[in-house]
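The values are calculated or read from the model by the stated rules, or taken from the named source; none is laboratory data. Note that this is a predicted model, so its numbers are computed, not measured. With ideal geometry, Cβ positions are generated from the backbone for all residues, glycine too; neighbour counts draw on all protein chains shown.
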Amino acid sequence: MSTYTVTETGARELAGKVASDLRQFSLHYGEPAWSDIPDYMEELEALLHRGYLSTYSFGYRQNGSWMMAYHYEVTGGQLTGGRPGGIEPNIDISGATYFNYVTYSDDWWRLTAAQREAFRATLTIERVNAEEPSYAGGVWVETRAYGAGGTELRRRLFKR
C-alpha cells in the first residue's frame with residue numbers, strides 16, 4: 001500500500017495486536033526476547049502512525065528462505081477488531097534462526113536519506129539492510145486481520 005493514514009490511537013492498537021502475537025510466538029519458540037517486544041511495538045506504532053510500513057514479518061529462516069513466518073501487510077479497509085493470538089505452536093524450526101523483517105511504504109521512500117535516518121534515530125530497534133528471505137517451497141495460510149482507524153493489517157502464516 002503506497003499511502004495511508006492512521007491515528008496515533010489506531011497505530012497503538014494495531015501495534016499492540018502484533019506485539020501480542022510476538023509474545024505468544026516467543027512463548028512457543030523462545031524468540032524474540034520478551035524484553036525486546038516493547039521496542040518492536042514502539043517501532044511498529046511509529047511506522048504505522050506515519051504511514052511508513054508496508055509489510056512486517058517475523059519467524060525463522062534457513063539458507064536464505066523463510067522456514068516459517070508470520071507476515072503482516074498494511075491495507076486500507078474499515079475492519080475493526082480482530083483478536084490477536086492463534087500462533088501455531090508446533091512448527092519444526094530445527095536448524096533455523098529467528099528473523100524480523102520490515103518493508104517500507106512509498107511514503108518512506110519519498111523521504112530524504114537524512115529524514116529516514118532522523119526517524120530511525122528516534123527508535124530503539126536498529127534495522128540493518130538485508131535481503132528479504134525467499135518464500136519458496138512453502139504454503140500460505142490466511143490467519144487473521146486486525147483493523148483500526150480505516151487501516152488494516154492482514155496476517156498470513158508461511159510454512160514449509
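Taking (1) in contact with a helix residue (DSSP H, G or I) (Cβ under 8 Å, 6 or more places away or on another chain); (2) exposed (fewer than 12 other Cβ atoms within 10 Å of the Cβ); (3) not charged (D, E, K, R) in turn, ALA114 satisfies each apart from (1). For the residues ILE91, ILE87, the requirement of being modelled with pLDDT under 95, surrounded by 12 or more Cβ atoms within 10 Å (Cβ to Cβ) and in contact with a helix residue (DSSP H, G or I) (Cβ under 7 Å, 6 or more places away or on another chain) singles out ILE87. The set of residues in region 85-124 that are assigned to a loop (DSSP other than H, G, I, E, B) and under 16 Å from THR55 (Cα atoms) contains only SER105. Close contacts from region 12-30, counting a first residue that is more than 23 Å from ALA96 (Cα to Cα) and a second that is surrounded by fewer than 22 Cβ atoms within 10 Å (Cβ to Cβ) and at pLDDT 95 or above, with Cβ to Cβ under 7 Å and a gap of 6+ residues or different chains, come to ALA15/MET41; GLY16/MET41. Close contacts from region 63-83, counting a first residue that is surrounded by fewer than 16 Cβ atoms within 10 Å (Cβ to Cβ) and a second that is at pLDDT below 65, with Cβ to Cβ under 7 Å and a gap of 6+ residues or different chains, come to THR75/MET1; GLY76/MET1.
So, in region 117-147, how many residues would count as being surrounded by 13 or more Cβ atoms within 10 Å (Cβ to Cβ), closer than 23 Å to ARG23 by Cα and free of Cβ contacts under 8 Å to residues at least 12 places away in the same chain? Qualifying residue count, region 117-147: 0. In this structure, does ARG61 turn out to be in contact with a strand residue (DSSP E or B) (Cβ under 9 Å, 6 or more places away or on another chain) and in a strand (DSSP E or B)? Judged against the criteria, ARG61 is a match. Among residues of region 1-45 being within 13 Å of the chain's Cα centre (by Cα) and among the aromatic types (Phe, Trp, Tyr), the one that is farthest from ILE87 (Cα to Cα) is TYR40.
Residue by residue, here is whether (1) under 16 Å from GLU131 (Cα atoms); (2) modelled with pLDDT under 95 holds:
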| position | (1), (2) |
| --- | --- |
| GLN24 | no, no |
| ALA33 | no, no |
| ASP36 | no, no |
| TYR40 | no, no |
| ALA46 | no, no |
| HIS49 | no, yes |
| HIS71 | yes, yes |
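Within region 2-30, the set of residues being closer than 19 Å to THR55 by Cβ, out of contact with any Gly (no Cβ under 7 Å at 6 or more places or on another chain) and not in a helix (DSSP H, G or I) comprises SER2 only.
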